[in-house]
């Protein structure tokens, strides 16, 4: 343990209770980013503190309506920052274990905590929209990718055919049975079209993506049944990006996104996508 | 999953991250009462506490990624958010006078202590039992810091103790309380189990 660690460990209890001075808080938080032991201790203290809170209170009437009124009326830009994909939300298919992100995550019981139930107006008439948090897995997780039914495949020859058949950079020829998704970005000029055939072969044709930096590349992500996976990396000179989706899971395809990442790609992306699009 | 009522808290947050408003409503049903209770306890003002509740759940909606189920339960996360925001408000200049008045009023109350604070907790029996086993010095330091919203330096001044002693007592008290809670059967981080 470092001297710095020792200096601050005695403050962790007070920090967990928001009982330190602002300058101390800043220093501790900087330390917590680099010290999993102290971060774990703070989490434990907060768990204990939660028991000291007064849980016998009903939620105030009317507050939920105020919250609901402020919820986004339309899907905001796709989130690329990670979120857990829980056991309870995982697809049932045994060959497709959903993974939120790489790392240990405890299983989740389906047991809501006891306590008073707050009154909530039904949201049945408040239509919820569907978009997905992207939780990324990169090429480094190739084994997991394969297990999930995705695999980067060598489709160079077929891709060349697609490119030759393309009538415009943004147009991928496809038949009506193909899944086609338009990816758009903040800049109207840039975009892409992703097409997945009924055989599961996928193609992404992008246009006008800015040239990434020397140590950067583009990474393609796909969301299937709520699971976000890396589908490959490419640069701005790549005309067609090829990927493969398990044909049995095509109906679960929900969105595609492209982010700019550092070489050789990332396991978990935490940047906003450059372009993104959802299945209509 | 269609039955949100049976979904784990972590599963709810996944659904929230997908902009499922019903999942947020379910999280609100489960935890808004605790969040409101803590904020009202700290701020002693219903309207401010309601604002905190609104802020905490909107923050969960806008930044669900901030919750990491590997770090603890959703309940403790929401309460930590609530506590931090309430304390910020409490320590603002505009709240100072109101807080002083509140403290004076509470000082006049007899028998007011941490055990009473949790008297009607759903899990009150074993939590109260665990708290009762804490040394008085640790209990008082935790109470003033957590439920009083004081910094450890303020707690030291209030108790006439050295600052180093107080911060150590808060830490050791929380550790002792954790040990006691486990011993009496409380399930820490219960939505992780």
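What follows draws every value from the coordinates through simple rules; no lab data is involved. The model shown is predicted, which means the values in this text are computed figures rather than measured ones. Virtual Cβ from ideal backbone geometry, glycine too; neighbours counted across all protein chains shown.
General observations
- Cβ-derived FRET efficiency at R0 22 Å, residue A:70 paired with residue B:3, nearest 0.05: 0.25
- Nitroxide proxy distance, nm - points 7 Å out along Cα→Cβ at residue A:21 and residue A:37: 2.6
- Taken as Cα centroids, region B:1-58 and region B:74-90 sit 12 Å apart, rounded to the nearest whole angstrom.
- Calculated on the alpha-carbon coordinates, the convex hull of region A:220-271 measures out at 88 cubic angstrom per residue.
- Label-zone membership for region A:233-268, site residue A:199, 7 angstrom Cα→C-beta point, backbone N under 19 Å: A:240-251
- Counting Cβ atoms of other protein chains within 10 Å of each residue's Cβ and taking the mean over peptide B:147-154 gives 5.
- Label separation (residue A:186 vs residue A:10): 4.7 nm, computed from points 7 Å beyond Cα along the C-beta direction.
- Residue exposure sequence - B:151, A:238 - by fewest surrounding Cβ within 10 Å: A:238, B:151
- Taking the fewest neighbouring Cβ atoms within 10 Å as the starting point, the ordered list for B:134, A:17 is B:134, A:17.
- Simple spin-label estimate for residue B:182 and residue A:216 in nanometres, 7 Å along Cα-Cβ: 4.7
- Contour excess over end-to-end distance, with Cα ends at residue B:165 and residue B:137 and 0.36 nm allotted per residue: 9.1 nm
- Inter-centroid distance (Cα atoms) of region A:7-49 relative to region A:244-260, Å: 40
- Among A:275, B:142, the ranking by other beta carbons within 10 Å of each residue's beta carbon, starting with the fewest, stands as A:275, B:142.
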